């Protein structure tokens, strides 16, 4: 009983790290907590007296559970399932909490979650464990049933997808990111005057038919009209963050890591002259989406 109590305490101690690993693997807080519950059941049945690095061992257990969940996604639905019963190791506050889900997505980076969602399960595990949590390839390889060198190649392939090609040198990405971040902040805080200062007087906003479910694309012209429309649309926009879209800084909306809307901006002399809101699947598929540094 004392040994089990001690394991429980240590699992709770490592839980924030394990949850962070699981969330980056799965892109969903409720699925991450499912994985932790499964990992706890496995750990509680194991003999860990000879385990010298319990944090590393638990990370491996969680990673194996997540790998199985990723591989099974093709045969079941993709929306996360809520945990059915509270568990003292998980905490009731995390269960079915959309606000906490959004906070976690913001902290990780919405663009990163979108790109991770395009990777194969093996690529995702190799990249997340090695590049984000510094787990050696020699420890990752057995769970993927690959050699360390093959595992290194998986992570390298994933890394190229995450980083993408270098953007055109003429693009001032730092200034672009400042303006896009200010746009997101102003729309979220409903600061009309701050938003107006970012827009060219003749700014043009286009939203394709899938954005508003209209028969034709929506076109809005002029700073005041665009500002009002953007504030109304973005006030409740969750799971939204910066991304590189075809080499330029834009915004993506991606609930649970699944890309739904992309917003591109054209800047001239530090002002936004054009905004393109994209939701049609074929247009989203054509975008080269990568993670900003």
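Observations on the structure shown:
- Hits in region 105-123 - residues which are at pLDDT below 90 and surrounded by 21 or more Cβ atoms within 10 Å (Cβ to Cβ): 105
- Every residue from region 253-283 that is farther than 21 Å from residue 229 by Cβ and surrounded by 19 or more Cβ atoms within 10 Å (Cβ to Cβ): 254, 255, 256, 257, 259
- Evaluation of residue 177 against (1) touching a helix residue (DSSP H, G or I) at 6+ places or on another chain (Cβ under 9 Å); (2) within 27 Å of residue 242 (Cβ to Cβ) (one fails), failing number: (1)
- Checklist (1) assigned to a helix (DSSP H, G or I); (2) assigned by TED's automatic domain parsing to the domain that holds residue 235; (3) over 20 Å from the mean Cα position of the chain (by Cα) applied to residue 200, failing item: (1)
Table: residues versus (1) modelled with pLDDT of 90 or more; (2) more than 19 Å from residue 134 (Cβ to Cβ).
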{"site": "26", "(1), (2)": "yes, yes"}
{"site": "35", "(1), (2)": "yes, yes"}
{"site": "45", "(1), (2)": "no, yes"}
{"site": "53", "(1), (2)": "no, no"}
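- Scanning region 218-233 for residues that are under 20 Å from residue 253 (Cα atoms), in contact with a helix residue (DSSP H, G or I) (Cβ under 7 Å, 6 or more places away or on another chain) and in a helix (DSSP H, G or I) yields 227, 230, 231.
- Assessment of region 32-43 against the conditions (surrounded by 15 or more Cβ atoms within 10 Å (Cβ to Cβ), in contact (Cβ under 8 Å) with a residue 60 or more places away in the chain and assigned by TED's automatic domain parsing to the domain that holds residue 132) yields at least one matching residue.
The values are calculated or read from the model by the stated rules, or taken from the named source; none is laboratory data. These numbers come from a predicted model, not from an experiment. A quick note on method: Cβ atoms are made from the backbone with ideal geometry, for glycine too, and the neighbour counts reach across all protein chains shown.
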